[in-house]
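These notes are about the structure you will find just below.
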Amino acid sequence: MTTSAHLPPPAAPSAAAPAPSSRGPFALLNDEPVAGPGDDLLGAGRAARQLAGLLVASRGSTPFTLAVDAGWGMGKSSLMRLVDAELAQAPDVHTVWYNAWTSQGADALEGLIKSVLMRFDRRVLRRALQRLSEQRALLRAVRAVTTLAAGPLGVSGLVDELWRTLSVDSQARNEMRGAIGELVQEWSEADGFRPRRLLVVFIDDLDRCPEETVLAVCEAVKIYLDVPGLAFVIGCDRSALGPGGLLRDASPAASAFMEKIFQTSYRIPVADQQGVREYIRRCARTVGIDQLLDERLTTLLAERSARNPRRIKRLVNGFVLEATLNPMWDEFAPEAVVRTLLLQYFYPDFYRMVAGAAGSGTGDVIAEFRTYQRVRTLLRTPGPIPGAELPAVTRFLREHDLPEGDVELPIEALSRLERQLPSGFPEMVGDQEFTSLIDGLVALPRSGELLRRLREGAALPAAVRPEPVAYSGPPPARVSSPAQGAARTAASRADLLRGVRILWVDDHPRNNDSLAGAFRAAGAVVRIAEDSRAADDALAVETPTLIISDIERDGNPREGLEHVARLRRDGRYTGPVVFYAGRVTPEREAVARELAAQLTSSGSEIERLIVRAAEAG
């Protein structure tokens, strides 16, 4: 279905879009946490000062553990760095950092304990080693050797020797907490375990680790390092460490143990809108795109990114990389990159239609949307439609298979029209950031050429993703590195799809070459039928695990739906069906439900549905 904007376009936004700047030079943002107060753009400094003050004032209450709790990318590391900077000004307070993500499993326990021990001076470490040698009957025979060896050792060597002594057997492990307690007591230089010195241990990225590492770090904190003079600040997403997250397979005992780790938590609040907007402006100035973000685009980026600093940084970097590396943009203003990628990222279903998704039959969906905006206003306005605009309204209704006479009942006509339009249109027409984004895109120089290239499948990247997409299937295997995780995920998909039989019905099969090739590479058998008759012939030979079908083919805009209805009625195929179409409308969704089928415009959703069918089979 091809439509065009027969009505006058909606009024342009009241605020003029900024003039495009010259191309570049652009730069990239790093993903490092805030290092000091001068880099604090989101107002975390006040919370950091208060947390630091609480830690210093509570040194007499040690040991304790504080969780800095927030989701991915919300500033846990930055806040902890700011707390560390504040503690650097406090007398007799020392800090140590440990990144849990750098260790694996049981090594994490050793790594954390050694990191803490490394913070003590050589004199204290050497005396601790001598005490252990004297206390352990097993070591008396080698006491002279140990003491001699310890003489020239530096801090690192002493820490290694201490660890070997403390972990040599189960008896030594049982004595570890007491030995570390004595060491810390001496270091704090006070009697009665009322420390004058305080060591604050920052542990970051715990919520990125596999279960074995999480439990090892918590074991070190709660069992071996739970001594006066030590305080722990752990950056993590508490919900990710719960039974529904990383520890979903943990035993009841392990889950109960985790509940005892944190004495208190500070949940980082979402930054206020003004702070996030200033953060976006600062990021934009740094990379060189500040002239390309008007107020509407800044608001869109702030709200649709959930005010998440890391998401914002990654999306801004996506603008820069796309503008710099994709030769397509050499002919267009840099603002075209920004608006196109914002559309792609925040409105992916609409973008797939704009970019001519496989089998979409959408035509110029932006023109269709803008015409719908105007038609909707006219149909909702009391009184008759002005005569000058009536022909365009009736033409738009006719293009969407509605009788021209429906215009006499405008509210009913609008309801029926919206069942034929893409499902998101009614919501998007009230989204001011979206409509401003579209209006600004259309108003750009050579926008018609840009949209034509997008419809023809111009070379654009996959949508910029700020974080891994949640997987809704069974829990993945525990892994020790991102590379191993990717490899095992690919292997798991291959195991699930191996031997799966897919019948793909589409009169333009080349549109699906990349997806079909990926499924074949994963072990699936994919057979192509270019029309309903060829599909019937294939079904007569073999029953597939799943049918993927387009909707518009053979000159019939409903052929895919009608073909599956015939298969269901005749009992020739009762298995799962997925309609893969660029245009998802309420009417199509309703028919798909009646046929016990799925409807999607997303390739990743196709893969998920195939995996589900494979598991069910």
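The values are calculated or read from the model by the stated rules, or taken from the named source; none is laboratory data. Just so we're clear, the structure is a prediction, and the values are computed from it rather than from any experiment. Backbone-built Cβ (ideal geometry, glycine too); neighbour counts: all protein chains shown. Heads up: the accessible areas ignore ligands, DNA and RNA and are worked out on the full protein's heavy atoms, side chains in. Shrake-Rupley method; radii C 1.70, N 1.55, O 1.52, S 1.80 Å.
Taking the stretch 460-550 as the region of interest, the strands (runs of 3 or more DSSP E) fully inside it that hold 1 or more residues being among the small types (Gly, Ala, Ser) and modelled with pLDDT of 90 or more are 525-529, 546-549. The single condition among (1) among the aliphatic types (A, V, I, L, M); (2) farther than 18 Å from SER601 by Cα; (3) surrounded by fewer than 20 Cβ atoms within 10 Å (Cβ to Cβ) that VAL500 does not satisfy is (3).
So, in the stretch 75-100, of the ones that are out of contact with any strand residue (DSSP E or B) (no Cβ under 8 Å at 6 or more places or on another chain), part of a helix (DSSP H, G or I) and not basic (Lys, Arg), which residue ends up most open to solvent (accessible area, probe 1.4 Å)? Only one residue tops the list, namely GLU86.
Being open to solvent by 70 Å² or more (accessible area, probe 1.4 Å) and without any contact (Cβ under 8 Å) to a residue 40 or more places away in the chain is true of VAL541. Note on the stretch 440-459: residues that are part of a helix (DSSP H, G or I), farther than 14 Å from LEU293 by Cα and at pLDDT 85 or above total 10.
In the stretch 49-74, what residues are among the small types (Gly, Ala, Ser) and either in contact with a strand residue (DSSP E or B) (Cβ under 8 Å, 6 or more places away or on another chain) or crowded, with 23+ Cβ neighbours inside 10 Å (or both)?
SER58, ALA67, ALA70
Residue-by-condition table, conditions (1) at pLDDT 90 or above; (2) open to solvent by less than 70 Å² (accessible area, probe 1.4 Å); (3) farther than 27 Å from LEU343 by Cβ:
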site	(1), (2), (3)
ALA355	no, yes, no
THR362	no, yes, no
PHE369	yes, yes, no
LEU378	yes, yes, no
THR394	yes, yes, yes
GLU404	no, no, yes
GLU412	yes, no, yes
GLN420	yes, yes, no
GLU427	yes, no, no
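Checked against (1) out of contact with any Lys or Arg (no Cβ under 7 Å at 6 or more places or on another chain); (2) surrounded by fewer than 20 Cβ atoms within 10 Å (Cβ to Cβ), GLU559 passes all but a single condition, namely (1).
For the stretch 306-328, the tally of residues that are open to solvent by less than 30 Å² (accessible area, probe 1.4 Å) and not in a helix (DSSP H, G or I) stands at 2.
In summary, ARG533 fulfils each of the numbered conditions (1) farther than 26 Å from LEU496 by Cβ; (2) open to solvent by 50 Å² or more (accessible area, probe 1.4 Å); (3) under 31 Å from the mean Cα position of the chain (by Cα) with the single exception of condition (3). Here is the figure for the stretch 399-438: residues that are free of Cβ contacts under 8 Å to residues at least 12 places away in the same chain and either part of a loop (DSSP other than H, G, I, E, B) or of a type in the set (Gly, Ala, Ser) (or both) total 6.
Scanning the stretch 101-121 for residues being modelled with pLDDT under 85 and assigned to a helix (DSSP H, G or I) gives a total of 4. Among the strands (runs of 3 or more DSSP E) confined to the stretch 184-274, the ones with at least 1 residues that are open to solvent by 50 Å² or more (accessible area, probe 1.4 Å), of a type outside the set (Gly, Ala, Ser) and modelled with pLDDT under 85 are located at 264-267.
Residues satisfying the criterion are absent from the stretch 344-359 (criterion: polar (S, T, N, Q) and over 29 Å from LEU300 (Cβ atoms)). Of the residues making up the stretch 593-603, those that are open to solvent by 50 Å² or more (accessible area, probe 1.4 Å) and either basic (Lys, Arg) or under 18 Å from ASP506 (Cβ atoms) (or both) are ARG593, GLN598.
Of everything in the stretch 569-592 that is among the charged types (D, E, K, R) and either crowded, with 16+ Cβ neighbours inside 10 Å or more than 22 Å from ALA614 (Cβ to Cβ) (or both), the residue that is farthest from the chain's Cα centre (by Cα) is ASP570. Exactly one residue out of ARG572, ARG568 is touching an Asp or Glu at 6+ places or on another chain (Cβ under 8 Å) and farther than 27 Å from PRO426 by Cβ: that is ARG572.
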